[in-house]
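Rule-based calculations on the coordinates, nothing more; no lab input. Values in this document were obtained by computation on a predicted structure and should not be read as measured data. Cβ: placed from backbone, ideal geometry, glycine included. Neighbour counts: every protein chain shown.
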Ligand code: C2E
Ligand code: MG
Ligand code: MG
């Protein structure tokens, strides 16, 4: 118990220092269009390797950052790092298409969010249309009036919004149909059951059809097997993200990956 508290305190202190000294990495996982087999964009995913504590999984330090309020600084830090990377890719002609950045529930509730995103985009001269923000289903439905307000402010800036981890929260189709979202990401926990369970297959097919009715693009998360990809293609899923195509990559490895795959590059 005591050592758990000690570890948590140490992690909190080291995380603050890591943000201050720019010691975190952002990895980029490709998203591939199922029809054209072309790159549609990437998802930015934080990586932290601490000298004392070793590799810490995002789920662990993001939760801690949420609990302690560090998430606001961490969120701004990630956006800055991503915008800096986008600028570098733009200058060297790397065809990354667009970058999706995750927002936690607390960030999404921060009234200053639209303003500081605008400032960071300006600071780096990045166009809003290459940025997508991913918000989890549970954060969006916590308060749909507030969400609607925040989503329209962000969309007005020209930034896209995706609902992340769809299938893990308790949103209703009615609630979702009242929100202006661009993308729906089906959670890996559903994808894992493709072709194991006919009912789950039908649910996935239904989610894809529902998203299309609302003009949303569908991304399937955590696709690892060819057979999953084939079934998702048959159901009309638009985009695939998963180890079947690629794990999250460092910026340098991503640049090599798109050249190797012929997706465009320098
Ligand atoms: P997420 O946004 O749902 O990201 C997808 C997660 O699934 C990533 O885990 C990714 O590495 C993993 N993944 C993708 N394809 C596959 C696959 O085929 N198989 C398996 N087993 N896993 C796959 P990761 O990088 O560990 O991130 C976990 C979560 O941490 C993210 O889930 C997101 O909620 C959060 N996170 C990561 N970076 C950030 C960030 O910058 N800000 C915030 N607020 N949250 C972040
Ligand atoms: Mg995500
Ligand atoms: Mg997800």
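For the reader, a short list of remarks on this structure follows.
- Cα-only Debye scattering, segment 90-170: base-10 log of I(q)/I(0) at q = 0.12, 0.15, 0.18, 0.21 Å⁻¹: -0.36, -0.55, -0.75, -0.97
- When shorter helices are ignored and each DSSP H run of at least 4 residues is given -39500 (n - 2.57), the per-residue value for the chain at 222 nm works out to -15000 deg cm²/dmol.
- The chain - convex hull of alpha carbons, volume per residue in Å³: 141
- Placing dummy labels 7 Å off each Cα toward the beta-carbon, the span from residue 49 to residue 230 is 3.8 nm.
- For 232, 176, order by how many other beta-carbon atoms lie within 10 Å, fewest first: 176, 232
- Comparing 163, 230, 86 in a Gaussian network model of the chain, where Cα atoms under 10 Å apart are tied by springs, the biggest mean-square fluctuation is seen for 230.
- Debye intensity ratio I(q)/I(0), log10, segment 109-151, q values 0.19 Å⁻¹ (C-alpha model): -0.66
- Convex hull projection area averaged over all views, segment 1-81, Cα basis, nm²: 6.5
- With an a/c value of 1.5 or above and a/b not larger than b/c for the gyration tensor axes a ≥ b ≥ c computed over the alpha-carbon atoms, segment 117-266 is described as oblate.
- Proxy reagent accessibility, fewest Cβ within 10 Å first, across 112, 212: 112, 212
- For segment 223-266, the alpha carbon convex hull comes to 78 Å³ per residue, rounded to a whole number.
- Our note on the geometry: Cα centres of segment 145-217 and segment 60-86, 24 Å apart.
- Full-extension gain in nm, residue 203 to residue 173, via 0.36 nm per residue minus C-alpha separation: 9.5 nm
- Residues 110, 22, sorted so that the one with the fewest Cβ neighbours within 10 Å comes first: 22, 110
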